[in-house]
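Each reported figure results from applying straightforward, stated rules to the coordinates on display, with no laboratory input. Worth saying up front: this structure is predicted, and the values here are computed from it rather than measured. Here Cβ is always computed from backbone atoms with ideal geometry, including for glycine, and neighbour counts include all displayed protein chains.
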Amino acid sequence: MAKIQKSSAPSMFALAGDLFGQIRLAGLGVAATLQEKGSQLFFSLVEEGAAIEARVAGKPAPGKAQPVQRPVTGEDAAKLEEIFETRVSRTLQRLQVPTRQDLKKIMAQMDTLQKQVKTLVDKEPAKPTDG
């Protein structure tokens, strides 16, 4: 008698489970990376802030903030804000923290994948049950 061999190809349900498992693991990896590098980011930003404050005030970075000798104008505040945003952005890039745009792109890809998996699962023929 000839034996019937089972298909070695994985079912759509197994593929969908693997895909969502990988997505879940990727999310956990992002969270772990942010936790690990979060304190590094904080201390790096503190150092950057002290350097910026010193440059704006024209003095070396002190241990404590010193009062500014002249009144701060709106132009000074805008310049300081721009410098701060640039430094924060560079620090986040160095730490490879995903940007809002990166996260939106990933979410769009996940939505597309979910729709594709649902379509494939819906096409999967129903398996007969004993009973």
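Karplus-based coupling profile of region 26-31, in residue order and whole Hz: 4, x, 5, x, 4, 4, with θ = phi - 60° in 6.51 cos²θ - 1.76 cosθ + 1.60 and x standing for Gly or Pro. Length gained on full extension, ALA108 to ALA50, computed as 0.36 nm times the residue gap minus the Cα-Cα distance: 17.0 nm. Summing charges over all other residues whose Cβ lies under 13 Å from the Cβ of ILE83, with Lys and Arg as +1 and Asp and Glu as -1, gives -3.
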